[in-house]
Amino acid sequence: MNVLVIGGGGREHALAWKIAQSNKVQKVFVAPGNGGTARDKRLDNIDITDVKALREFAQASGIELTVVGPETPLAAGVVDEFRAQGLRIFGPTKAAAQLESSKAFSKAFMKRHHIPTAEYDTFTDAQAAHDYVNAKGAPIVVKADGLAAGKGVVVAMTAAEAHEAIDFMLLDNKLGVSHNEGEDGQALPRVVIEEFLQGEEASFIVMCDGKTVLPLATSQDHKRLLDADEGPNTGGMGAYSPAPVVTPEVHARAMREIILPTIKGMEKDGIPFTGFLYAGLMIDLQGQVKTLEFNCRMGDPETQPILARLKTDLVDVLLAATATHAEARFDDFELDWDRRTAIGVVLAAHGYPMSPRKGDAITGLPQDTDDVVVFHAGTQMQDGQVVTSGGRVLCVTALGGTLKLAQQQAYDTLKGIHFDGMQYRSDIGHRAILR
């Protein structure tokens, strides 16, 4: 069968890499793909991003299964477009994707369905937002209501940082946020301001077929740019799986209090959820969990270490998830995982996250092995040379019998890779090691 993966980042490289391993698959197309997918003989890059054009390509090319990686085409309604033509696609509809594309929708949904999350309020008026911060104090969290490529959140440790973030998001919009429409149909800058939660974060990702949920392996991301969780927030500087902070008790609580009520709530609201659902969890010292955010896709860079550990044929799971007959649903599946730990270390461009530089030549890329794969994100081929084309450039992903062994594999590998201005964290996995 022919499979289409929509997207061009590290998550999509990992999805295409995993799907290509299935003996059911003849060809994997990646739209638009990146420099890494261009180098893989099993994958074909297709320079298409328009929703209608993607659907037309799928029809013309005999695509039997499509998987959507990033949030932008989901928010644009790519799943609705494909389904309207009877095409098999895994992802949430435009309405369901509001769980990610609108922080205001997501918070109101959680409040309505009693899903634990931080206290919050929503603002379009900058002065009202400033007054709220003055009343609540810091630390406090300011979030842009719209898609911001993982960079639309400021954890303000001081009131001054919060006020700066409000102006940045509501007045300047230097993040390039795709604003959601207001009641008048006009795109409207909006922020969600919420209480600062204490604890440890983890990524909890599941697959949904509209009714049934299949949890993936646990993982933990590292959002801050610098070692010891210092510096600005990013889309993610590295991740590892499994995450020891998600104990069996925390796992059960997250399923019972967050994931299952969300799936049931979406169905009750007439917006059944299909696709990957990512819940960012905050876990306190007592093991209580609250929802930081929802994403309607796999995380990046969590996808890379998670899929490195997945032994089950992903295509079988995706076919069951998109089946039209009940007997082939997730009830039949129990995912098989490599017992080893996987770690992914992100190599980012000069100037990331605010103004990443593009066009730097990348050298020293190693051949993939059974234990180490370098997934590409912000790369492209230019005159036969791989060059940087985005903020997060590569994710060096390694498996090891312990987290320390996986760390050693990843960091030994990345020492041979070079591009001007390359930056990365040297402590990915530090929380698990402290445990």
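The values are calculated or read from the model by the stated rules, or taken from the named source; none is laboratory data. None of these values were measured; they are calculated from a predicted model. Virtual Cβ from ideal backbone geometry, glycine too; neighbours counted across all protein chains shown. Side chains included, ligands, DNA and RNA excluded: accessible areas come from the protein's heavy atoms. Shrake-Rupley method; radii C 1.70, N 1.55, O 1.52, S 1.80 Å.
Just for strands (runs of 3 or more DSSP E) wholly inside segment 40-147: which have at least 3 residues that are open to solvent by less than 20 Å² (accessible area, probe 1.4 Å)? Because the criterion is at least 3 residues that are open to solvent by less than 20 Å² (accessible area, probe 1.4 Å), the strands (runs of 3 or more DSSP E) in segment 40-147 that meet it are 63-68, 140-144. Exactly one residue among MET207, MET237 is more than 30 Å from GLN127 (Cβ to Cβ), within 16 Å of the chain's Cα centre (by Cα), surrounded by fewer than 24 Cβ atoms within 10 Å (Cβ to Cβ) and not charged (D, E, K, R), and that residue is MET207.
Tell me, please, whether a residue that is surrounded by fewer than 21 Cβ atoms within 10 Å (Cβ to Cβ), free of Cβ contacts under 8 Å to residues at least 60 places away in the same chain and at negative phi can be found in segment 340-354.
No, segment 340-354 contains no residue that is surrounded by fewer than 21 Cβ atoms within 10 Å (Cβ to Cβ), free of Cβ contacts under 8 Å to residues at least 60 places away in the same chain and at negative phi.
Would you check if THR397 is within 20 Å of LYS223 (Cα to Cα), crowded, with 17+ Cβ neighbours inside 10 Å and among the hydroxyl-bearing types (Ser, Thr, Tyr)? It is true that THR397 is within 20 Å of LYS223 (Cα to Cα), crowded, with 17+ Cβ neighbours inside 10 Å and among the hydroxyl-bearing types (Ser, Thr, Tyr).
Yes or no, residue by residue, for (1) on the phi > 0 side of the Ramachandran plot; (2) touching a strand residue (DSSP E or B) at 6+ places or on another chain (Cβ under 9 Å):
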{"site": "ILE6", "(1), (2)": "no, yes"}
{"site": "HIS13", "(1), (2)": "no, yes"}
{"site": "GLY33", "(1), (2)": "yes, yes"}
{"site": "GLY36", "(1), (2)": "no, yes"}
{"site": "PRO70", "(1), (2)": "no, yes"}
{"site": "GLN98", "(1), (2)": "no, no"}
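Considering only segment 41-61, I want to know if a residue exists there that is in contact (Cβ under 8 Å) with a residue 60 or more places away in the chain and not β-branched (Val, Ile, Thr). Within segment 41-61, not a single residue is in contact (Cβ under 8 Å) with a residue 60 or more places away in the chain and not β-branched (Val, Ile, Thr). Of the residues making up segment 240-278, those that are assigned to a loop (DSSP other than H, G, I, E, B) and of a type in the set (A, V, I, L, M, F, W, C) number 5. If you go through segment 402-435 and pick out every residue that is closer than 18 Å to VAL372 by Cβ, open to solvent by less than 40 Å² (accessible area, probe 1.4 Å) and small (Gly, Ala, Ser), you end up with 3. Taken over segment 5-21, the residue count meeting the criterion of being open to solvent by 10 Å² or more (accessible area, probe 1.4 Å) and not in a helix (DSSP H, G or I) is 4. Just one residue in the set GLU293, GLU267, GLU302 is farther than 26 Å from GLY390 by Cβ and touching a residue at least 40 places away in the same chain (Cβ under 8 Å); that residue is GLU267. Entry remark, segment 125-149: residues being more than 19 Å from GLN198 (Cβ to Cβ) and out of contact with any strand residue (DSSP E or B) (no Cβ under 8 Å at 6 or more places or on another chain) number 9 in total. Select from segment 210-222 the residues that are touching a residue at least 40 places away in the same chain (Cβ under 8 Å) and closer than 22 Å to LEU403 by Cα and write down the one among them that is surrounded by the fewest Cβ atoms within 10 Å (Cβ to Cβ). The extreme case among them is PRO215.
Here the strands (runs of 3 or more DSSP E) wholly within segment 312-416 that include at least 3 residues being under 24 Å from ASP227 (Cα atoms) are 341-348, 372-376, 392-400.
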